[in-house]
Amino acid sequence: MSTDELVCTYKNPPAVPYEERAAIISALKYPNMVIPQRSLDHTDRVKDLNIDVFVVGDDWRGKYDYLRDLGVEVYYFPYGEGVSSTRLKQQITEQYNKLKSPADKHENPEIKKS
């Protein structure tokens, strides 16, 4: 799975940090392990770890076909169409601002001295 540093080389930082994404994937029955991806070239990692199956979102379709030459089964998993981390961040910001605004605009009560 791509590290935050790798993702930042080609787009905005992920909405969910690497450690949390890794915990989510690790909680699934499969895969056997989560491997930090620090480069877009997987040749050495596939050879070193004897990886035989590689799964990636279909927004990368065709980019990892070269792994098939190394005997790896490559699957392009359907990308979450309509799912946008940018839109998710906007929605969170909008909801936060709606909640924050009334809290920021209030009168503080008078302090009653005893």
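Since every read-out is calculated from the coordinates, none of them should be taken as a lab result. Worth saying up front: this structure is predicted, and the values here are computed from it rather than measured. Cβ coordinates were reconstructed from backbone atoms using ideal geometry, including for glycine residues, and neighbour counts include every protein chain displayed.
Before moving on, here are some points about what is shown:
- Values of log10 I(q)/I(0), in the order q = 0.16, 0.19, 0.24 Å⁻¹, for the chain under a Debye, Cα-only, solvent-free model: -0.89, -1.17, -1.55
- Applying 0.36 nm per residue to the separation of residue 15 and residue 61 and subtracting their alpha-carbon distance, the gain on full extension is 14.3 nm.
- For the chain, the relative contact order comes to 19 percent (Cα pairs under 8 Å, sequence separation of at least 6).
- Along the axis of the charge dipole computed for the chain (Cβ charges of +1 for Lys and Arg, -1 for Asp and Glu, origin at the Cα centre), the listed residues 66, 108, 30 are led at the positive end by 108.
- Surrounding net charge for residue 92, when Lys and Arg each add one and Asp and Glu each subtract one, Cβ distance under 13 Å: +3
- Cα centre as origin, Lys/Arg/Asp/Glu Cβ charges: the chain dipole, Debye: 560
- Sum of side-chain charges, residue 59 neighbourhood, beta-carbon under 14 Å (Lys, Arg +1; Asp, Glu -1): +1
- Packing order of peptides 56-63, 29-36, 103-110, highest average first: 56-63, 29-36, 103-110 (average count of other Cβ atoms within 10 Å over each peptide's residues).
- Pairs of lysines in the chain (C-alpha under 30 Å apart; 8 or more residues apart or interchain): 17
- Solvent-free Debye calculation, one equal scatterer per alpha-carbon of the range 1-40: log10 I(q)/I(0) at 0.17 Å⁻¹ equals -0.44.
- Here the spin labels are modelled as points 7 Å beyond Cα on the Cα-Cβ line, and at residue 95 and residue 6 they lie 3.0 nm apart.
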